[in-house]
Every structure is written in structure tokens, then in C-alpha cells.
Amino acid sequence: MPSTSTDKIANEAILFQAVQNTNKLSVVLRAQGEKHPSLARLRRYVGEVYSSLWDVAMASGTPDFCDVVVYPQNLPNAAPEQWLHHAVDLDSVCSHDSICGWVSSSARGRGLQFQSNEGDGFGGLEAHVHALNADRAQRKLSSLQAITVDPWPLGASAASQKENFVDWLDDEHFEEENTFDGNDDDLFVDDSIIDECDTTEEFDPESACDQLGGASIITRNALYEKVAVGGTFDGMHYGHRKLLTLAVSSVNPRSGQLTVGVTIDDMLQHKKFAEEIPPLKERMAQAKAFVYRLAPGMKNRIRVVAISDEYGPPGTEGAGEDFDALVLSHETLENGDLLNQHRIRTL
């Protein structure tokens, strides 16, 4: 997770290098240090990463967008990093020694800073991948290749900035965004991912548990029991991926449900370039594949359904009463208001 311009430049360099080497990418955002980031900040940075990926794709001249899922650790329902390390189709890790290492107490220069400290482990990317390969060998999985970012941009080097007296005018000190009145009942705290998920077993997304991806403090009003999100999901571009990620993060990890509505073909006849939109069955399959890959522990609590009217399941009598949240983009906020007015009148 970036807290400075240095971090952001480093992340963009890694993303640029990664998309040159693959057409399927899992982006792990580590949130480590003394303070856990708020859920609001995790969600916000998901959008920033997908925007960066869009820029990277444009700058690299890549003809097709990379198949990407962003995994912010501590985001409710997102698969933890350990599971990604055991993925059968994983073949490489792209990073840099100053980012990837045994100890990550801050985002800035963590690998080099701690590589020789007592009790903090050694090395950076190579040592990290070596450890992953030792674990994968025991599970009879293929070895991974380390892809280091070279050249490393000067803007991502804290040492270079200090030497040249570089100061970023748009940097600021982040403060905790979630506040509470001291009543523990107002908080949702879960640090059980290691205890609840047996990471010694062979990687199996079907058996994914439904807990948070690490310890985090989340206000209860940030999570909901029955969430709906809808769209055409044509092409599953990065905007769709951001929307679905935010929807997944809004669901109570223990008991919540998510309904993903996909607009039927007949409702898209007047949309621009309608003839190029994939058929409903294909769009539903793409949306389902993404949310299952992002949150494998929620498979039994996610429904992907066809939408044949303007309100979908949340506006349907007999089924819509239980929904307590609708996830929208800025562009579709007015549609959400119309849906709420419809619910007030009819449900």
C-alpha cells in the first residue's frame, strides 16, 4: 500500500514490468506496519491500481488488456496472499529488492533496509522466490521465476531522493480514517485468517474459508448482509473489476451474500456498439469467473443472475425486501435513487 509518491512510482514500475511478461496477473497489495489501513483507503487504492493498469496498458501498446485481479490484503473476502502462492498456474513473481523481502515494516525501501538485520531475514526478491519455491516443491507445484524491475526508476529510490534533496510536494501524512466512540460493539474485528484457513493443505479454491484476509478493524456499517451490484459487464474492463471488487468488500465475510446482476441482451439494443457486445451467457461467465477468483471463499454465497428489467432482484417483490445495500458507480448513482424510490412504493 502506498503512503508516499515514492511508493506509487515503485508500484507503477512493477505493474509496467509485469504486464510485459504475462496476460494473467494477480496484484498483491500488502498492508503492513504498525497501523492497519482503513477499509475506505483499501477500497480507494483498488480504484487507483486499476487506473494505473489502464495507463500502463495504453503506454505499453499492449493490444489486449491483461487479465488482472487486485488483492488488497485485509480487504474483506479477498483471497489471502498464501493462497495465491499455491496457485497451480502461477509461474513468476515480479517485484524489486526494495519492495519484496522477508520483512515489510513499511512500504518505503523495506527489502534493502531489513535484508541483513538480526531476526529480519535476508535478501529481497530472489530470497522471497526461493522460499516460495521450497514450499511449492513440497506441494509438487512448479517452480517460480523471479522477474526484477530493471532499471529501477530514480523516483522510486528513497536513497537517491535523500542524496539529491528531493521532496514531494503532494505527499501527506495519512491518518486513520475509521473512528469510533470507544464502544467495541461498533467494530468488526477479525484476525483469524491463519487459524481458520489451513494453509498446509494443497491449494484448493473450492475449500476457501470466508474470513478476512488478515487482521483489520472495520466499522460494522461498512459491511452488509445482502448486497447487489449490476451492469452489462461487457469485456470485463478495469472499471468492471473495480466495481465488483468494491461489491465483494461490502459483504459481511461470515454470513453475507452477493448478487451480481447482468443485463440481458434485449436491454442493450440501443447501447452504442451493441452489435459488438458479447452475448449474455458469455458476460455472466466472465463476471462469475472474476468474483470467484477474487473471493474463492464466497462461492456458495454469490449468485450471478440475468437482469431483465430496470430494477433487478432488489426491486422484485418477494425477493427484494432482504437486500440492504446496492453497489453503484458514480455514473449510475441516479439509477440507485430510482430503485430506492421504487422499493419505497412497492416493497
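Please verify whether Gly297 is under 21 Å from Tyr71 (Cα atoms), modelled with pLDDT of 85 or more and surrounded by fewer than 17 Cβ atoms within 10 Å (Cβ to Cβ), treating the condition exactly as stated.
Details: under 21 Å from Tyr71 (Cα atoms): yes; modelled with pLDDT of 85 or more: yes; surrounded by fewer than 17 Cβ atoms within 10 Å (Cβ to Cβ): no.
Taking the combined requirement at face value, the residue does not satisfy it.
Which numbered condition in (1) in contact with an Asp or Glu (Cβ under 9 Å, 6 or more places away or on another chain); (2) open to solvent by less than 40 Å² (accessible area, probe 1.4 Å); (3) modelled with pLDDT under 95; (4) among the aliphatic types (A, V, I, L, M) is the only one that Val327 fails?
Unmet condition: (1).
Kindly indicate whether any position in segment 244-253 is at negative phi and surrounded by fewer than 16 Cβ atoms within 10 Å (Cβ to Cβ).
Within segment 244-253, not a single residue is at negative phi and surrounded by fewer than 16 Cβ atoms within 10 Å (Cβ to Cβ).
Looking at (1) farther than 20 Å from Val19 by Cβ; (2) modelled with pLDDT of 95 or more; (3) not basic (Lys, Arg), which is the only condition Ala134 fails?
Of everything listed in (1) farther than 20 Å from Val19 by Cβ; (2) modelled with pLDDT of 95 or more; (3) not basic (Lys, Arg), Ala134 misses just condition (2).
If you take the residues of segment 310-347 that are assigned to a loop (DSSP other than H, G, I, E, B) and touching a Lys or Arg at 6+ places or on another chain (Cβ under 9 Å), which of them is farthest from Ser26 (Cα to Cα)?
Tyr311
Among the residues in segment 110-123, are any at pLDDT 70 or above and surrounded by 13 or more Cβ atoms within 10 Å (Cβ to Cβ)? Explain how you work it out, then say what you get.
Start the filter on segment 110-123 by keeping residues that are at pLDDT 70 or above, which leaves none.
Taking every residue of segment 110-123 in turn, none turns out to be at pLDDT 70 or above and surrounded by 13 or more Cβ atoms within 10 Å (Cβ to Cβ).
Can you pull out the residues in segment 256-288 that are open to solvent by 60 Å² or more (accessible area, probe 1.4 Å) and under 20 Å from Lys226 (Cα atoms)?
Answer for segment 256-288, where residues must be open to solvent by 60 Å² or more (accessible area, probe 1.4 Å) and under 20 Å from Lys226 (Cα atoms): Gln257, Lys288.
The values are calculated or read from the model by the stated rules, or taken from the named source; none is laboratory data. Because the structure is predicted, anything quoted here is derived from the model rather than measured. Don't worry about glycine lacking a Cβ; one is built from the backbone with ideal geometry, like all the others, and counts go over all protein chains shown. Just so you know, the surface numbers come from the protein's heavy atoms only, side chains and all, with ligands and any DNA or RNA stripped out. Shrake-Rupley method; radii C 1.70, N 1.55, O 1.52, S 1.80 Å.
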